[in-house]
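Chemist: Below is a structure I'd like to ask you about.
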């Protein structure tokens, strides 16, 4: 009897061990099998694309493996993120997402994945103020000019990187606070938005410092306000929305790298470590800082906590303003 029990237990242990071997082998062999894909969930030219490309080269050098940036834009990042969820969870496909990732669950309850269950945040790359800006030849010289125009029932329109984006929600919240209405013009990413803003085809743009600052530096755009509680170090002369009479107003842009929740834990841990090394690389930090991004880094758990909080905050704004997806 004891011998039979021993054999059964031994057989079960061997079976479980055999099941664990492929996953262990995958983690140990990673990343020698094939190039790694960073799926930038917005089109080329925007901040997500640029963040992915800044990260890719040093990550490739550290891992000794090619790291390819693949743009999969659409539906405020849902299409690209879904592609990562649907890809093999073997540590060769990751998503680089923007702040829309924290808004999408409230905006689109029928997404093809569960944001909390199907994905694991690897690292919070950084945060940044958003900037409300206008063409340098615009009639708007200050943030007050914009509010006054809206209160005078003029058709004040603003462009964002997309419907339901953080910029869209921030302006919706601000419109309610100021008791004014303005017209939202959604674009498919930061590149298309800034092209039209620089050309004066849309009178106002709201986007991250990352995507807006180059056009401020070259004198084509005039910044009116930033959306964080403190002024941006890169734009010290630009007042905050809070300073303009809306105390407590804060809406930071942010970027993160995610993996499928089915990715082996060893690879998640290793990738978090490698990404933190990348973010501590002086050249990378310099490039991100030059674009107004405050580098964050940290653990996967810290990234999860931050993203969960953002989801809670903006879900309320979506509900209160009855914002719908395209």
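Chemist: Anything in the range 165-199 that is assigned to a loop (DSSP other than H, G, I, E, B), in contact with a helix residue (DSSP H, G or I) (Cβ under 6 Å, 6 or more places away or on another chain) and under 20 Å from residue 45 (Cβ atoms)? List them, or say none.
Modeler: Once the filter is applied, which keeps residues that are assigned to a loop (DSSP other than H, G, I, E, B), in contact with a helix residue (DSSP H, G or I) (Cβ under 6 Å, 6 or more places away or on another chain) and under 20 Å from residue 45 (Cβ atoms), the range 165-199 yields 165, 187.
Chemist: Continuing with the same structure: For the range 240-270, enumerate the residues that are touching a helix residue (DSSP H, G or I) at 6+ places or on another chain (Cβ under 7 Å), in a loop (DSSP other than H, G, I, E, B) and touching a residue at least 24 places away in the same chain (Cβ under 8 Å).
Modeler: 241, 246, 249, 251, 264
Chemist: Residue 131 is checked against (1) touching a helix residue (DSSP H, G or I) at 6+ places or on another chain (Cβ under 6 Å); (2) modelled with pLDDT of 95 or more; (3) surrounded by fewer than 23 Cβ atoms within 10 Å (Cβ to Cβ); (4) farther than 23 Å from residue 281 by Cβ and fails just one. What number does that condition carry?
Modeler: For residue 131, the failing item is (3).
Chemist: Could you list, in sequence order, the residues of the range 57-70 that are touching a strand residue (DSSP E or B) at 6+ places or on another chain (Cβ under 8 Å) and either surrounded by 18 or more Cβ atoms within 10 Å (Cβ to Cβ) or part of a helix (DSSP H, G or I) (or both)?
Modeler: Listed by number, the residues that qualify are 57, 59, 60, 63, 67, 69.
Chemist: Related question: So which of 89, 82 ends up being touching a strand residue (DSSP E or B) at 6+ places or on another chain (Cβ under 6 Å) and farther than 18 Å from residue 253 by Cβ?
Modeler: Among 89, 82, only 89 is touching a strand residue (DSSP E or B) at 6+ places or on another chain (Cβ under 6 Å) and farther than 18 Å from residue 253 by Cβ.
Chemist: Another question, if that's okay. Can you tell me how many residues in the range 300-312 are surrounded by fewer than 16 Cβ atoms within 10 Å (Cβ to Cβ) and either in contact with a helix residue (DSSP H, G or I) (Cβ under 7 Å, 6 or more places away or on another chain) or touching a residue at least 24 places away in the same chain (Cβ under 8 Å) (or both)?
Modeler: Going through the range 300-312 one residue at a time, the tally reaches 2.
Chemist: Taking the range 271-299, which residues are outside any loop (DSSP other than H, G, I, E, B) and touching a helix residue (DSSP H, G or I) at 6+ places or on another chain (Cβ under 8 Å)?
Modeler: The answer is 272, 274, 275, 277, 278, 279, 283, 284, 285, 287, 288, 295.
The values are calculated or read from the model by the stated rules, or taken from the named source; none is laboratory data. Bear in mind that the values here come from a model prediction, so they are computed numbers and not experimental data. All Cβ positions, even for glycine, are placed from backbone atoms using ideal geometry, and neighbour counts span all protein chains on display.
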